[in-house]
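The structure appears right after this line, and notes come after that.
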């Protein structure tokens with residue numbers, strides 16, 4: 001019901017609803033460096049990325065990953081799947097997006 005309402009409202013504003021797969025690893029993927037954590041049980045609400053050291057709130061991190069995946073899909077115009085690879089800066093450190101990864 002909510003998804004139908006959201007789709008209806010977006011169409012009225014010339015928007016587009018992007019649906020991600022049920023098993024998209026939004027909570028288990030570091031939104032800073034893209035590292036995928038092997039196991040993350042539902043009772044873990046905060047976790048530290050073993051690759052870049054960023055501390056994540058599970059829900060906030062998932063929201064960023066869902067947003068980024070939606071943008072990636074829309075920028076590909078919904079066509080063939082694209083493999084996203086995190087970029088590295090010249091110093092080989094994870095990029096900082098608007099203070100998120102500090």
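The values are calculated or read from the model by the stated rules, or taken from the named source; none is laboratory data. Keep in mind the model is a prediction, meaning the values are calculated, not measured. Here the Cβ positions follow ideal geometry from the backbone for every residue, glycine too, while neighbour counts run over all protein chains shown.
Note down all Cβ pairs under 8 Å where the first residue falls in region 1-25 and is within 20 Å of residue 75 (Cβ to Cβ), the second is at pLDDT 90 or above and assigned to a loop (DSSP other than H, G, I, E, B), and they're at least six residues apart or on different chains.
These pairs meet every condition: 20/26.
How many of the residues in region 19-55 are surrounded by fewer than 14 Cβ atoms within 10 Å (Cβ to Cβ) and assigned to a loop (DSSP other than H, G, I, E, B)?
Of the residues in region 19-55, 15 are surrounded by fewer than 14 Cβ atoms within 10 Å (Cβ to Cβ) and assigned to a loop (DSSP other than H, G, I, E, B).
Taking the stated definitions as given, is residue 15 in contact with a helix residue (DSSP H, G or I) (Cβ under 9 Å, 6 or more places away or on another chain), part of a loop (DSSP other than H, G, I, E, B) and either exposed (fewer than 15 other Cβ atoms within 10 Å of the Cβ) or at pLDDT 90 or above (or both)?
So residue 15 fits the description; yes.
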